[in-house]
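Novice: Pasting in a structure now, in structure tokens, and then I'll have a few things to ask.
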Amino acid sequence: MSADLLEINDLEITYPRGFGKAPFRAVQELSLRVGRGETVSIVGESGSGKTTIGSAILGLARVASGSIKLNGEEIAHAGVRQRRELASRLQAVFQDPFSSLDPSQTVGDVVAEPLRVAGPKLSAAEINERVVAMLARVGIAQSAVSKYPAEFSGGQRQRIAIARALVLEPEIVVCDEAVSALDVSVQAQVLNLLDDLQRDVGTSYVFISHNMAVVRHISDRVVVLYRGRVMEQGTAAEVCDTPAHPYTRSLLASVPVPDVAAQKGRREARMSSIVASGIAPHDGVGCPFAPRCPFAQQKCVDATPPLVELPDGRSVACVRVGELPPPDERSVLATTAAVSTTVTEKS
Ligand SMILES: Nc1ncnc2c1ncn2[C@@H]1O[C@H](COP(=O)(O)OP(=O)(O)O)[C@@H](O)[C@H]1O
Ligand SMILES: [Mg+2]
């Protein structure tokens with residue numbers, strides 16, 4: 001048996017497209033591993049399939065084929081009963097704390113709920129004690145227990161959502177755009193909180209985000225997704241600092257930076273790389289990024305590029321990877337600046 005906590009193999013997730021039409025393949029040939037205490041990010045622009053993967057792990061999306069194992073146990077098709085048992089091991093934090101927290105429940109009840117549903121048998125006093133202790137760990141005062149989510153700011157609400165997700169000390173937490181709705185400075189604080197809790201509890205994160213700067217900050221490893229396929233995966237440093245796949249490079253170039261001159265250079269670099277190559281996959285065969293790729297050639301769509309491991313250990317799905325020019329310095333260096341700005345803003 002493998003030492004990985006979460007092991008996804010050859011996952012495919014489809015959505016029906018209506019009578020007589022072939023289903024839409026939202027995620028294809030996805031394999032992914034998450035070790036204990038590790039943070040693996042899934043990054044990609046909107047519509048790339050990130051939430052679909054998170055939903056499949058949580059049992060909220062139907063898996064067409066492939067496998068999802070938690071600690072060796074197959075959970076891809078878990079029924080209601082198995083899911084209930086999984087609740088103490090698998091939790092989630094979503095983007096919008098406004099809709100993910102029940103507005104009619106007090107904060108105390110919000111955080112206590114997983115304990116009541118899936119926790120060990122505890123008295124009311126013991127539950128209260130755990131809730132208050134958990135809230136303290138996320139920086140929320142004891143007086144919050146009798147208040148309602150609406151009385152808190154977005155950042156505080158996200159802290160409450162994190163307290164709820166971590167109160168059972170789950171093995172793994174799926175964070176889907178968990179900091180995306182927050183201001184940059186609050187974002188950094190919440191990322192640091194997730195980091196601290198990970199160190200204390202030893203939980204693993206599947207961290208879903210469209211933002212490379214955020215991902216660079218929190219991840220051990222990064223998986224870059226485009227149209228449901230993995231384009232590149234490797235350590236956060238490999239993928240974010242020296243991106244190999246043209247799509248990863250374009251994602252990095254889209255991270256805004258605070259410096260006006262740097263931002264202008266990046267915008268120019270980005271515009272010059274936006275081309276219509278005229279080369280497109282056909283019948284589902286070929287690189288999905290080819291139509292937008294400045295380096296696309298016919299061979300990119302003759303077959304779907306497999307994910308191939310490079311000598312440095314990362315994997316890239318690009319048949320031209322050995323022939324590409326080095327990444328545009330204007331994008332990569334400016335992005336490093338954006339990342340360090342985020343880091344210095346943490347408090
Ligand atoms: N319930 C659904 N029914 C049909 N199509 C869906 C559904 N959910 C997502 N999709 C489609 O699947 C693709 C991936 O969506 P999603 O996983 O939400 O991407 P992301 O989280 O990366 O923005 C998109 O093209 C989206 O329109
Ligand atoms: Mg999403």
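Novice: Inspect all residues belonging to segment 195-204 and state whether any of them is more than 16 Å from ligand 1 (Cβ to nearest atom), open to solvent by less than 30 Å² (accessible area, probe 1.4 Å), hydroxyl-bearing (Ser, Thr, Tyr) and part of a loop (DSSP other than H, G, I, E, B).
Specialist: yes
Novice: Among (1) more than 22 Å from Ala181 (Cβ to Cβ); (2) in contact (Cβ under 8 Å) with a residue 24 or more places away in the chain; (3) in contact with a helix residue (DSSP H, G or I) (Cβ under 7 Å, 6 or more places away or on another chain), where does Arg33 come up short?
Specialist: Condition not satisfied by Arg33: (3).
Novice: So, in segment 206-228, exactly how many residues are away from ligand 2 (no atom under 16 Å from the Cβ) and among the aromatic types (Phe, Trp, Tyr)?
Specialist: Residues meeting the conditions: 0.
Novice: Tell me whether segment 79-101 contains one or more residues that are open to solvent by 60 Å² or more (accessible area, probe 1.4 Å) and of a type in the set (S, T, N, Q).
Specialist: Among the residues of segment 79-101, at least one is open to solvent by 60 Å² or more (accessible area, probe 1.4 Å) and of a type in the set (S, T, N, Q), which makes the answer yes.
Novice: Filter segment 306-323 for residues that are open to solvent by less than 60 Å² (accessible area, probe 1.4 Å) and more than 22 Å from Val285 (Cα to Cα); which is modelled with the lowest pLDDT?
Specialist: Residue satisfying both the conditions and the ranking: Gly313.
Novice: Need the failing condition index for Arg227 against (1) touching a Leu at 6+ places or on another chain (Cβ under 9 Å); (2) within 14 Å of ligand 1 (Cβ to nearest atom); (3) not small (Gly, Ala, Ser), just the number.
Specialist: (1)
Novice: In segment 9-31, how many are surrounded by 17 or more Cβ atoms within 10 Å (Cβ to Cβ) and within 16 Å of ligand 2 (Cβ to nearest atom)?
Specialist: Final tally of qualifying residues: 4.
Novice: Something else about it: Within segment 148-170, count every residue that is assigned to a helix (DSSP H, G or I), touching a residue at least 12 places away in the same chain (Cβ under 8 Å) and surrounded by fewer than 21 Cβ atoms within 10 Å (Cβ to Cβ).
Specialist: 4
Novice: Something else about it: With the structure loaded, tell me whether Val275 is open to solvent by 50 Å² or more (accessible area, probe 1.4 Å), at pLDDT 95 or above, of a type in the set (Val, Ile, Thr) and part of a loop (DSSP other than H, G, I, E, B) or whether it fails that test.
Specialist: Taking the combined requirement at face value, the residue does not satisfy it.
Novice: Another one. Could you list all residues from segment 45-69 that are on the phi > 0 side of the Ramachandran plot, within 14 Å of ligand 1 (Cβ to nearest atom) and open to solvent by less than 50 Å² (accessible area, probe 1.4 Å)?
Specialist: Within segment 45-69, just Gly49 meets the criteria.
Novice: Next question, about the same structure. So which of Val145, Val107, Val132, Val186 ends up being farther than 25 Å from Ile53 by Cβ and surrounded by 23 or more Cβ atoms within 10 Å (Cβ to Cβ)?
Specialist: So the residue among Val145, Val107, Val132, Val186 that is farther than 25 Å from Ile53 by Cβ and surrounded by 23 or more Cβ atoms within 10 Å (Cβ to Cβ) is Val107.
Novice: Inside segment 198-228, can you point out the residues that are closer than 23 Å to Gln28 by Cβ and either out of contact with any helix residue (DSSP H, G or I) (no Cβ under 9 Å at 6 or more places or on another chain) or acidic (Asp, Glu) (or both)?
Specialist: Arg227 - this is the single residue of segment 198-228 that is closer than 23 Å to Gln28 by Cβ and either out of contact with any helix residue (DSSP H, G or I) (no Cβ under 9 Å at 6 or more places or on another chain) or acidic (Asp, Glu) (or both).
Novice: Continuing with the same structure: Within segment 82-95, is there a residue that is over 23 Å from Arg159 (Cβ atoms) and touching a His at 6+ places or on another chain (Cβ under 8 Å)?
Specialist: No: segment 82-95 contains no residue that is over 23 Å from Arg159 (Cβ atoms) and touching a His at 6+ places or on another chain (Cβ under 8 Å).
Novice: Can you name every one of the helices (runs of 4 or more DSSP H) wholly within segment 211-260 that holds 1 or more residues which are without any contact (Cβ under 8 Å) to a residue 24 or more places away in the chain?
Specialist: Output list reads 236-241.
Novice: Please report, ordered by residue number, the strands (runs of 3 or more DSSP E) entirely within segment 1-97 with at least 3 residues that are closer than 25 Å to Leu197 by Cα, outside the structural domain of Leu307 (by TED's automatic domain parsing) and of a type in the set (D, E, K, R).
Specialist: none
The values are calculated or read from the model by the stated rules, or taken from the named source; none is laboratory data. All values derive from a computational prediction rather than experimental measurement. Cβ: placed from backbone, ideal geometry, glycine included. Neighbour counts: every protein chain shown. For the accessible areas, the whole protein counts, side chains as well, though only heavy atoms, and no ligand, DNA or RNA atoms are used. Shrake-Rupley method; radii C 1.70, N 1.55, O 1.52, S 1.80 Å.
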